[in-house]
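These notes are about the structure you will find just below.
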Amino acid sequence: MRLLAEQGVDCALCGSERIRDSFQWREFISTPPGIESVGMNVFICDGCGFIFLNPQPDAELLDYYYRTNEKKLIEGPSLYYREQQVEFIASLVKSRGNAFDAGCFDGTFLHYLKEAGWSVSGCDLNEAALEVCRTRYGIETQKGAIDNVVLEDGSIDLLTFVHFLEHVTDPNKVFEWSRRKLAEGGHLYIMVPDAERMFSNSIYGFFSFPHINYFTLVSLKNYLVKHGFDIVSARAKEDFEFIELIARKSGENKEVKLLNDYESASVFMARYAKKWQKGLDDFIGRFVDGKKRWIEKKSKVLLWGAGIHTSKVFSYLPLDDDDLKLIGIIDNDDSIQGGESCGLMVYSPAELGVLKPDVILVSSYWYAEEIGRELREEMNYKGEIFYFYGRPTKGHPIARDY
Ligand SMILES: [Zn+2]
């Protein structure tokens, strides 16, 4: 399987060939033959400031990723903030009609739209999530990507993309499709991570597979204007790392003038890279100190969590030391228990009593506090708990919105 497509030579937004290297990292990605460490590279366009992954993951790899993460995704964090999003839309879009959510996942967002008076449908690649949508909310959806769903042109009054556009390989195609499917005067609601305010507090960061496009308010507006949309309203709240935007399909053929925020993008990307590197150095330092101690005491060390965070941990930490007794990974996902992840056996939490680790490394940023509590209070684990980011304190600075 090919992991990465050919490197693009120009910017998908403005067409400029002056694209500049900006930020690189490595992460482990699951592929059918196993797990591979892949170097990722983000570019900024000098002509408009658009930030994007280049080269992109190969289509086959993306397909594999979304299919194999089905179960994991469904057990992920519950979808926060949905009601407020629908309130925001309802305050600006007065008429009701047909709403379609691309990448609708388990349908929570569609459910709130339906409550607010829209007739709803949607599509997603994740079959397990669509089943939840059907049984929990009674909402029928289609399995598939937007270009293979059955949807009449001009039939949609409100099209919604919630955490969708950052994943697509061809934003132009998506906006062209949007214009076709929307009725005249129809609205588009978008929520994407805000590249300008992406945090770098964890090894995970926000620059991460399978995110391909990293929008700022300027680049998102540029895309919309380019494809014949008028911006109705946009908000990027101070304490919130996302952009929300509502646009209207424009009737006229206007001359398009794109803005350029290259200067600002290169400044915040450099700031991000610096902060990320410092975070990584602290992270590695804390682990190396612990490792010395565990080797000395001949401790049996177990990793908690086989997810994306662990794939990054394996890319950066010196874990392959023969003297380190790393005995496996524990994960709640029963579809991967009994198999291997990052070259280690994956066990269920119920096997903790048999494995008897001396140290558990909590491989998570978002859920570190929760996992620690579960280990102490529910599983009565008495050994050392090692937090990669230090012991979590009350009022986790990032997790508050989740
Ligand atoms: Zn550009």
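The numbers here are math on the coordinates, done by the rules we state, and not lab data. Because the structure is predicted, anything quoted here is derived from the model rather than measured. Methodologically, a virtual Cβ is constructed for each residue, glycine included, from the backbone with ideal geometry; neighbour enumeration extends over all protein chains shown.
For the reader, a short list of remarks on this structure follows.
- Extreme residue, surrounded by the fewest Cβ atoms within 10 Å (Cβ to Cβ), among residues of the range 308-361 that are of a type in the set (Phe, Trp, Tyr) and in contact (Cβ under 8 Å) with a residue 60 or more places away in the chain: 316
- Scanning the range 11-26 for residues that are hydrophobic (A, V, I, L, M, F, W, C) and more than 9 Å from the ligand (Cβ to nearest atom) gives 23, 25.
- With a requirement of 1 or more residues that are within 27 Å of residue 59 (Cβ to Cβ) and touching a residue at least 40 places away in the same chain (Cβ under 8 Å), the strands (runs of 3 or more DSSP E) lying completely within the range 95-202 that satisfy it span 98-102, 156-162, 182-193.
- When every residue of the range 297-306 is checked against the conditions, none turns out to be away from the ligand (no atom under 16 Å from the Cβ) and farther than 24 Å from residue 379 by Cα.
- Subset of the range 251-285 [of a type outside the set (A, V, I, L, M, F, W, C), without any contact (Cβ under 8 Å) to a residue 40 or more places away in the chain and part of a loop (DSSP other than H, G, I, E, B)]: 252, 253, 254, 255, 257
- Every test in (1) closer than 20 Å to residue 165 by Cβ; (2) among the aromatic types (Phe, Trp, Tyr); (3) out of contact with any Lys or Arg (no Cβ under 7 Å at 6 or more places or on another chain) is passed by residue 28 save one, and that test is (1).
- The residues of the range 251-275 that are more than 28 Å from residue 179 (Cβ to Cβ), among the hydrophobic types (A, V, I, L, M, F, W, C) and loosely packed, with under 14 Cβ neighbours inside 10 Å, listed by number, are 267, 270.
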